[in-house]
Each structure stands twice: as C-alpha cells, then as structure tokens.
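First up is the structure itself, then whatever we jot down about it.
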Amino acid sequence: MQKPAPNAMPTSSFHQRFIAFCDLNRRQRKLELLRQSDPKTLSRWHDALDSLASCYQPTRERELVTKGLSDPYFPFSKLRKLNVGGFSREPGFADLSEASLARISAEHLLRWVEIFLSIRQDLKNLNDHSEIFTMQLLDPPQESLPEAIWCEYCGECCEIRGGIPEFRANSKLPSLWYVYFRGDGCKYQRFCPFLFEYFATAKFFCAIYEIKPRCCWEFDREECEFLQKDVARERAERPQRIVS
C-alpha cells in the first residue's frame, strides 16, 4: 500500500476550518483588548486552532501554523479576503475545483506563516539591538495603534504583489526583507508581508513604518482617496463565486 505524501492534507474542509477559526479569533482578541476573559470562548478558540492545524500532517508544519496563527498581529483578515476567499474570484483560478483551491490556500497559508514569523523574529532582534524602532508588538498589547490624521488603517494601499525595496534605514537589514518586499517570498502574494493586523480588528499597520520603502512614503492622501474609489468600482463589477 502506497504511503500518503508527507504534505498530504484533508483539503475538503480547509476553508470551513479557516473561516471558523477567523471568526473565533476575532471574538477572542476582542476580549483581550477589553482585558476580559471567557473560558468558553478561549476553549473553542483552541479547539478551532487545533482543527485547522490538523490539516497539516508533518509535525513541523502543524507547529508553525499553530505558532503563527496564535499571534495577535497575524493578518487574518487580508488572507481571508485576498487569498482564501480571493483566489476563487481570480481568472487564473476560475476553472479549479474546490479541493484544488483549498490545497493552494492551505499551502499559501503555511508559507505566509513562515514569512510572518521570520519578520517577527527579525523585528525583535533589530529592536533588541536598537537598530530600528517599531511597535513592540506585545501580547497583551501595551501599545495602541498610532494616531493618524487621515489613514483609516484599511491596508488597501498595501495590497500589492511587490515593489522596489528601497528601505529608509542606515543599518543593514535582513537580506530576506528585500526578497519579501519584491514579492518573491511566495507564489501568490497579494499584499505586503510587512502589513500586520491589530488584534483581529481589521485595522492594519506597517510593521516597519519608520523605515518603509520609498514607494510607500510617496503614497499620500490624494492617492489613497483615488484608490478607495477605484476599489469600490472594481468590487461592484466583479462577479462572485462562493467557496463552501
């Protein structure tokens, strides 16, 4: 009897498990922001996380997914919108079966977890050595989102597949950061890997704001307003495909 491939996973229920965990994660993080606790919600959160992580057979993959998805700054909302749900609306994926879409989504989530955790560790190392200064990204949060004059933290300006990595920093940055920002870190990048989400609130922030690349600094309020109108028009015209 032939053994299953090491990376085989039950893809048929991946989307349901991912969406279920996203919903529970939003409830759990809301409680954390309010400095409240609910044992029942926390227990269901752990069960949903274990269920989603079980889609990955190798122990290393399960551990990585569990660690990444447990992080309060992991960008669930963007992945749900642009990848897990977004693939089904893109022309290149239109003819794929639900199982194939689920497999691609599961593989992409694993890769995004790897990139996220890599950046997380780099930020900690750079902050510890005072080479750059960013949000401390603590759990529970010790910092609120910085006040902004016009930014609504929607993160739509960061929905890019890559850019020119001209970082504003004097110190030497991790070489993989240049790979990630160019869009070469994974196959289906739909938003910047340095975009983090604040406790599942659908509020997004740049994890490297002070040293973000030049092209990001050049994006101003006028361009943001134009983008918002363009996105609204595109969504109104886009056909929908429901992923079960």
Checklist entry - Out of segment 8-64, which residues are at negative phi and assigned to a loop (DSSP other than H, G, I, E, B)? => result ALA8, MET9, PRO10, LEU34, GLN36, SER37, ASP38, SER54, CYS55, TYR56, GLN57, PRO58
Checklist outcome for this item: Within segment 188-203, residues within 20 Å of LEU110 (Cβ to Cβ), in a loop (DSSP other than H, G, I, E, B) and in contact with a helix residue (DSSP H, G or I) (Cβ under 6 Å, 6 or more places away or on another chain) come out as TYR188, ARG190, PHE191, CYS192, PRO193, ALA200
Item to check | Residue check for ASP95: touching a Phe, Trp or Tyr at 6+ places or on another chain (Cβ under 9 Å), surrounded by fewer than 20 Cβ atoms within 10 Å (Cβ to Cβ), charged (D, E, K, R) and not in a helix (DSSP H, G or I) | outcome: no
Checklist entry - Within segment 154-187, can you find the residues that are over 23 Å from GLN228 (Cα atoms), outside any helix (DSSP H, G or I) and either among the basic types (Lys, Arg) or under 13 Å from the mean Cα position of the chain (by Cα) (or both)? => result ARG168, LYS172, CYS186, LYS187
Checklist outcome for this item: If we ask which residues in segment 31-45 are in contact (Cβ under 8 Å) with a residue 60 or more places away in the chain and surrounded by 15 or more Cβ atoms within 10 Å (Cβ to Cβ), their number turns out to be 2
Item to check | Unmet criterion (only one of (1) at pLDDT 90 or above; (2) aromatic (Phe, Trp, Tyr); (3) surrounded by fewer than 19 Cβ atoms within 10 Å (Cβ to Cβ)) for TRP112 | outcome: (3)
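The values are calculated or read from the model by the stated rules, or taken from the named source; none is laboratory data. Source: prediction; values computed, not measured. Cβ: placed from backbone, ideal geometry, glycine included. Neighbour counts: every protein chain shown.
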